[in-house]
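Bear in mind that the values in this text are calculations on the coordinates, not laboratory data. This one's a predicted model, so the numbers in the text were calculated from it and none came from an experiment. In this analysis, Cβ positions are derived from the backbone assuming ideal geometry, glycine residues included, and neighbour counts consider all displayed protein chains.
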Amino acid sequence: MAAALERALGPAAPGDGSEAALPPLPVLVLGPAGSGRTSLLLRTALAGGADGPRALFLAPNAIPRLPGGPGGPGPDPRALQRLELRYPRSRLSLCHELVSRVSLSPHPPSLLLLDDLERYLGMSPNVPSRLAALLLELTRVPRCPPRVPPQLVASLSLPPPAPHILGTLLRFFPARCHLSPARGDSPGYARVTLRCPGTSPRRWRLRLGHAEHGDGDGDGDGDGDSEEEWA
């Protein structure tokens, strides 16, 4: 799903391999709490306005507001019509949502976004691989033309809740997007690096708004309007 992230982020910094088309690979978005993972996933869902793909956004907690809050331009209403928000609280509920809205739905989404993946993994060493395998299987479900399997973007908070989790997930997600606070910049900026097999890394510097997405423990992700600038 690197192509969807690229569309959301805009042009990369000069010399960062922007001349090559990114393959439609599953992407794992990695970053510490407050780095802007939720904002980036929502921005990806809304990119393209009315012409973007139908998107399903899954997260363990409801988001208080979408990007473009008070004092800034709101999201395109036509893009909002393409976006479905669901908030499964448990791993069982998540699996139910995935199967019913992706595999069994007559109108499945073209873009599947899963935020706060760590909240569904627990501590068992077998769960990350099983859940990742399910996600990838749903993106490979054969569909009659002209429908295509959904493209997948998931986010994981760093550090992960257990040492084995990150290594396990990286086997299933060949493309990775790293977010980190931009040192030396004003508060609210983050640096983004997108790595895909066979292509040069691409880099952005993003301006993010205020925290939008609490996880029940006081942690939140960045949100609000974002704009690209050269890294």
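Overview of results
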read-out	value
Phi-based couplings in Hz for the range 81-92 (Karplus 6.51, -1.76, 1.60; Gly and Pro marked x)	5, 8, 9, 10, 10, 9, 10, x, 8, 10, 5, 4
Formal net charge of residues neighbouring GLY49 (Cβ-Cβ distance under 10 Å; K, R +1; D, E -1)	0
